[in-house]
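**Q** One structure, as structure tokens, below. Some questions next.
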Amino acid sequence: MSDKDLIAENKALMNALSRERKARKLAESLLEERAVELFLANRELEKTIKTLKSSNLQLLQSEKMASVGQLAAGVAHEINNPVGFISSNLGTLRDYIEDIRQVIDAQKFSIKTGIECTDAKRYVEINAKVIADLNALLDKVDIDFLMVDMNDLLDESIDGVNRIRKIVADLLDFSRTNSADYKNTDINALLEKTLNMAWNELKYKTEVNRDFGELPAVYCNDGKIAQVFLNLLLNASHAIEERGSITITTRHIGDDVSIMITDSGIGIPKNIISNIFDPFFTTKSVSEGTGLGLHIVRSVVDAHKGTITVDSELGEGASFTIRLPVLGIDA
Amino acid sequence: MSTQQNLLCVDDESGILSSLMRALRHERFNVLTASNSGEALKLLSENEIQVILIDQHMPDIDGLNLIKKIKVQYPFTVAVILSGLVDLEYILAAINRGDVQRFLAKPWNNEELKTVLRQCFHHFDLVHSNRQLSDLVDQQKKQLENLTVLLEGQG
């Protein structure tokens with residue numbers, strides 16, 4: 001190879017090298033651009049996830065509000081009944097007291113006349129008239145009836161007040177928001193409390209049968225588990241078109257407690273039974289259901305390391321079985 | 001009106017029924033009570049009842065449906081609904097269809113209750129005497145027609 005050839009080759013190599021350098025620089029700057037884009041996209045994604053999380057929380061909260069709202073109409077009716085008869089009774093009591101006041105005034109008058117009268121003969125005359133008037137008044141106001149009925153009126157009204165107190169206490173218990181606490185819970189008593197809450201929804205078309213077994217205390221979040229029971233009971237009631245029954249069976253099985261809620265309603269078609277726990281899956285109209293009820297039920301049961309299963313045939317009712325570990329999640 | 005005026009109150013809540021009986025103790029009409037639709041229909045078959053006061057929300061039947069059922073057999077009965085839930089659409093429909101004369105909300109005011117019920121009895125009496133009078137007019141018209149025919153025959 002001549003010198004000339006060598007120089008030419010060297011030049012070509014140099015050219016190639018500078019081309020490669022240029023290309024690498026270009027690639028590097030492109031890479032950097034991509035990295036910045038990727039970083040920005042990632043940040044966007046993180047933001048979206050955050051929004052999703054918070055809207056999911058809002059949805060869960062609104063589902064809870066929806067089930068409470070469903071109860072509100074029934075609760076209003078249930079409160080207005082006792083308020084109705086208590087306020088009517090109080091109005092009547094005022095009339096009774098007016099009648100009794102008249103009697104007392106008449107008696108005062110008779111005493112005064114007796115004291116003021118000094119003539120014995122005249123006293124007998126006046127006294128006879130005063131007593132006749134008094135007796136007429138006692139008959140007119142029907143004092144014997146008033147004295148008996150006044151006690152009944154008060155007893156019934158106090159019963160009414162106690163009923164309202166109980167409804168309000170249950171409602172407050174239920175809407176408690178600091179539900180992050182786990183504690184040893186009597187599941188049968190919790191079911192009873194939830195039945196009380198849902199009673200206004202249930203009583204018009206369902207007969208509720210309780211088959212409660214003896215259960216150990218279950219370590220759980222009682223507020224959340226009550227919400228699970230409420231959702232299942234309301235669903236059971238919605239599945240019943242005219243009249244039907246809901247049977248609640250509780251048992252202690254090994255390390256678990258099992259709660260079975262069975263209704264005699266329309267049942268669940270085979271083709272959708274695998275979807276019922278999916279979020280937003282609903283057969284109800286938009287105004288009636290959010291499609292989150294059973295999804296929440298399963299999330300809560302999952303969080304307690306429990307299981308939920310469903311057994312249903314179209315037209316044969318449905319049966320939901322929950323199993324919760326007695327020792328709960330910390331065991 | 002010489003016949004006895006009877007009011008029938010229907011409510012599944014015994015506290016409501018006894019408070020109504022107390023509040024209406026001095027009224028001119030008799031107060032009968034029933035706690036379900038079966039008892040209500042039985043009392044209606046045994047007594048002449050002009051006005052019924054019915055709870056809207058009862059376990060065995062909806063108040064409005066019970067009124068419809070009663071009106072088939074006793075079309076002139078005047079019905080009042082007593083309701084713990086005030087649903088405007090429901091009220092409007094019930095009144096405009098003519099099934100219900102008046103609507104009272106729980107809790108009610110005793111004086112208003114008495115006024116409403118007195119007006120209902122008054123309404124029943126008016127309709128009743130109106131019916132009797134038109135019957136009388138019909139009857140007399142017929143008699144007059146017969147007389148005219150008779151007179152024309154003689155003339």
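**Q** With the requirement that a residue be out of contact with any strand residue (DSSP E or B) (no Cβ under 7 Å at 6 or more places or on another chain), in contact (Cβ under 8 Å) with a residue 24 or more places away in the chain and over 30 Å from B:Ser129 (Cβ atoms), what does the stretch B:58-87 give you?
**A** B:Met58, B:Pro59, B:Asp60, B:Ile61
**Q** Do we have A:Leu292 as buried (at least 19 other Cβ atoms within 10 Å of the Cβ) and of a type outside the set (S, T, N, Q) here?
**A** Yes.
**Q** Here is a list of conditions, (1) more than 23 Å from B:Gly15 (Cα to Cα); (2) away from chain A (no Cβ under 14 Å); (3) not β-branched (Val, Ile, Thr), and B:Tyr90 meets all of them except one; can you say which number that is?
**A** B:Tyr90 satisfies every listed condition except (2).
**Q** How about the stretch B:4-18: which of its residues are open to solvent by 20 Å² or more (accessible area, probe 1.4 Å) and touching a Gly at 6+ places or on another chain (Cβ under 9 Å)?
**A** Hit for the stretch B:4-18 is B:Glu13, nothing else.
Yes/no matrix, rows are residues, columns are (1) modelled with pLDDT under 90; (2) among the hydrophobic types (A, V, I, L, M, F, W, C):
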site	(1), (2)
A:Gly223	yes, no
A:Asn235	yes, no
A:Ile246	no, yes
A:Ser258	no, no
A:Ser264	no, no
A:Asn275	yes, no
A:Lys284	yes, no
A:Leu292	yes, yes
A:His304	yes, no
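**Q** A follow-up question, please. Just to be sure, is B:Ser134 without any contact (Cβ under 8 Å) to a residue 12 or more places away in the chain and hydroxyl-bearing (Ser, Thr, Tyr)? Quick ask: steps written out before the conclusion?
**A** On the way: without any contact (Cβ under 8 Å) to a residue 12 or more places away in the chain: yes; hydroxyl-bearing (Ser, Thr, Tyr): yes.
The answer is yes for B:Ser134.
**Q** Same structure, new question: Six or more apart or on different chains, Cβ atoms under 8 Å: show the pairs whose first residue is in the stretch A:77-105 and more than 9 Å from chain B (Cβ to nearest Cβ) and β-branched (Val, Ile, Thr) and whose second is open to solvent by 10 Å² or more (accessible area, probe 1.4 Å) and part of a helix (DSSP H, G or I).
**A** A:Ile100/A:Ile143; A:Val103/A:Leu134; A:Val103/A:Leu137; A:Val103/A:Leu138; A:Val103/A:Ile143
**Q** Conditions first: (1) open to solvent by 70 Å² or more (accessible area, probe 1.4 Å); (2) over 30 Å from B:Gly38 (Cβ atoms). B:Gly153 passes all but one, so which condition is the exception?
**A** Going through the list (1) open to solvent by 70 Å² or more (accessible area, probe 1.4 Å); (2) over 30 Å from B:Gly38 (Cβ atoms), B:Gly153 breaks only (1).
**Q** Inside the stretch A:1-35, can you point out the residues that are among the small types (Gly, Ala, Ser) and over 60 Å from the mean Cα position of the chain (by Cα)?
**A** Matches in the stretch A:1-35: A:Ser2, A:Ala8, A:Ala12, A:Ala16, A:Ser18, A:Ala23, A:Ala27.
**Q** Considering (1) open to solvent by 100 Å² or more (accessible area, probe 1.4 Å); (2) within 14 Å of another protein chain (Cβ to nearest Cβ); (3) within 21 Å of the chain's Cα centre (by Cα), say which one B:Arg97 fails and leave the rest.
**A** B:Arg97 satisfies every listed condition except (2).
**Q** Taking the stretch B:60-78, which residues are among the hydrophobic types (A, V, I, L, M, F, W, C) and at pLDDT below 95? Spell out the reasoning first.
**A** Residues of the stretch B:60-78 among the hydrophobic types (A, V, I, L, M, F, W, C): B:61, B:64, B:66-67, B:70, B:72, B:76, B:78.
If the condition is that a residue be among the hydrophobic types (A, V, I, L, M, F, W, C) and at pLDDT below 95, then B:Ile61, B:Leu64, B:Leu66, B:Ile67, B:Ile70, B:Val72, B:Phe76 are the ones that fit.
**Q** Would you pick out the residues in the stretch A:120-164 that are polar (S, T, N, Q) and under 30 Å from A:Glu78 (Cβ atoms)?
**A** A:Asn151, A:Ser157, A:Asn162 - these are the residues of the stretch A:120-164 that are polar (S, T, N, Q) and under 30 Å from A:Glu78 (Cβ atoms).
**Q** Another question, then. Residues of the stretch B:1-18 being under 16 Å from the mean Cα position of the chain (by Cα), assigned to a loop (DSSP other than H, G, I, E, B) and polar (S, T, N, Q), which ones?
**A** Result: B:Thr3, B:Gln4, B:Gln5.
**Q** Being within 12 Å of chain A (Cβ to nearest Cβ), assigned to a strand (DSSP E or B) and open to solvent by less than 30 Å² (accessible area, probe 1.4 Å) is the filter here, so list the residues in the stretch B:56-84 that pass it.
**A** Matches in the stretch B:56-84: B:Leu82, B:Ser83.
**Q** Being open to solvent by 30 Å² or more (accessible area, probe 1.4 Å), within 13 Å of another protein chain (Cβ to nearest Cβ) and part of a helix (DSSP H, G or I) is the filter here; which residues of the stretch B:19-55 pass it?
**A** B:Met21
The values are calculated or read from the model by the stated rules, or taken from the named source; none is laboratory data. Here the structure is a predicted model, which is why all the values come from computation and not from measurement. Please note: Cβ atoms are built from the backbone with ideal geometry, for glycine as well, and neighbour counts cover all protein chains shown. Side chains included, ligands, DNA and RNA excluded: accessible areas come from the protein's heavy atoms. Shrake-Rupley method; radii C 1.70, N 1.55, O 1.52, S 1.80 Å.
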